[in-house]
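J.: I have a structure I would like to understand better, so I am pasting it below and will then ask my questions one at a time.
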Amino acid sequence: MAKARTTRKPKARKAGKLFTIGYEKAKPDAVLAELKHAKVDILVDTRAIAASRKPGFSKRQLAASLDEEGIAYLHLQKLGTPDDGRQAARAGKLDTLWRIYAKHLLTPEAIEAMNELVAIVKSGRTVCLLCFERDCACCHRSRIAEVVQGRTGIEVQNLAPELF
């Protein structure tokens, strides 16, 4: 009599943690302190243009500071808000921003970048999404976090660096 075979399902890899952070009204040291406290492995810059008038937050400076702390840096430019969306945000027209950004997320480039981000989260790394706005409810990174949460089930926590 043949024994019944049991097939074991491979253990699903537990997704990492997902944080978001905005550097508005914060100094680089305060942002780094929040990232270190949260034990972030990789900071994902979601700005379309990774330049800043604020010292320490342009792409190269930020990446170098993170590297010194053992935190990886990845710029997913295609998840950034298109220019017309940034203009709407500056004008306080959030409904327009959300409409523009929802359309942008359907572009092949944004889909590819989102897939890359989801894969990183699913790998078990602790990820933090970065953009300028302190209040994530007014920032496109909240939409990115919603998509990642929907695809992975991960909880999202918003970090708030100390203000200067």
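All of the numbers you see were taken from the coordinates with simple rules; none came from a lab. Source: prediction; values computed, not measured. Neighbour counts are summed over all protein chains in view; Cβ atoms, including those assigned to glycine, are modelled from backbone coordinates with ideal geometry.
J.: Stretch ASP29-LYS103 to full length: gain in nm at 0.36 nm per residue minus the Cα-Cα span?
T.: Gain on extension, ASP29 to LYS103, equals 23.1 nm.
J.: Let me know the shape class of segment 69-155, please: from the alpha-carbon gyration tensor, a ≥ b ≥ c as square roots of the eigenvalues, rounded when a/c is under 1.5, otherwise prolate if a/b is greater than b/c, or oblate. Write down the numbers at each step before the final one.
T.: On the way: a/c = 1.85, a/b = 1.56, b/c = 1.19.
Prolate, because a/c is 1.5 or more and a/b exceeds b/c.
J.: Loop only per DSSP, at most 16 neighbouring Cβ atoms within 10 Å: give me the GluC sites (Glu not before Pro) in segment 37-115, ordered by residue number.
T.: Details: sites: GLU68, GLU69, GLU109, GLU112; in loops: GLU69.
Those that pass, being in a loop and sparsely packed, are GLU69.
J.: While we're looking at this one, here's another question. Would you calculate the separation in nanometres between label points at ALA38 and ALA72, each defined as 7 Å from the Cα along the Cα-to-beta-carbon direction?
T.: Rounded to a tenth, the inter-label distance reads 1.7 nm.
J.: Amide H neighbours of LYS17 under 5 Å, counting only residues 5+ apart in sequence or on other chains, H built in-plane at 1.01 Å?
T.: THR126, VAL127
J.: Work out the length of the dipole vector of the chain about its Cα centre, built from +1 on the beta-carbon of each Lys and Arg and -1 on the beta-carbon of each Asp and Glu, and round it to the nearest 20 debye. It would help to have the intermediate numbers written out before the result.
T.: Working: 29 positive and 19 negative charges, 180 e Å.
Dipole about the Cα centre, nearest 20: 860 debye.
J.: Arrange THR46, THR20 by Cβ neighbour counts within 10 Å, fewest through most, would you? Intermediate values should be presented prior to the final figure.
T.: Values: THR46 27, THR20 23.
By the 10 Å Cβ count, ascending, the order reads THR20, THR46.
J.: Could you give the length gained by full extension between THR152 and ALA91, i.e. 0.36 nm per residue of separation minus their alpha carbon distance, to one decimal place?
T.: On the way: separation 61, 0.36 × 61 = 21.96 nm, distance 3.32 nm.
Answer, rounded to one decimal: 18.6 nm.
J.: Could you calculate the FRET efficiency of ALA119 with GLN61 from 1/(1 + (r/R0)^6), where r is the beta carbon distance between them and R0 is 30 Å, rounded to 0.05? Please report the intermediate quantities before stating the final value.
T.: Working: r = 27 Å, r/R0 = 0.91.
So the FRET efficiency works out to roughly 0.65.
J.: Which ³J(HN,Hα) values, rounded to whole Hz and listed in residue order, are derived for segment 142-154 from phi using the Karplus coefficients 6.51, -1.76 and 1.60 in 6.51 cos²θ - 1.76 cosθ + 1.60 with θ = phi - 60°, glycine and proline given as x?
T.: Ordered by residue, 3J(HN,Hα) equals 5, 5, 4, 4, 4, 5, 4, 4, x, 8, 10, x, 5 Hz.
J.: For segment 18-159, calculate the relative contact order in percent as a whole number, restricting contacts to Cα pairs under 8 Å that are 6 or more residues apart. Don't skip to the answer; put the middle values down first.
T.: Numbers: 208 pairs, mean separation 58.0, N = 142.
The value is 41 percent.
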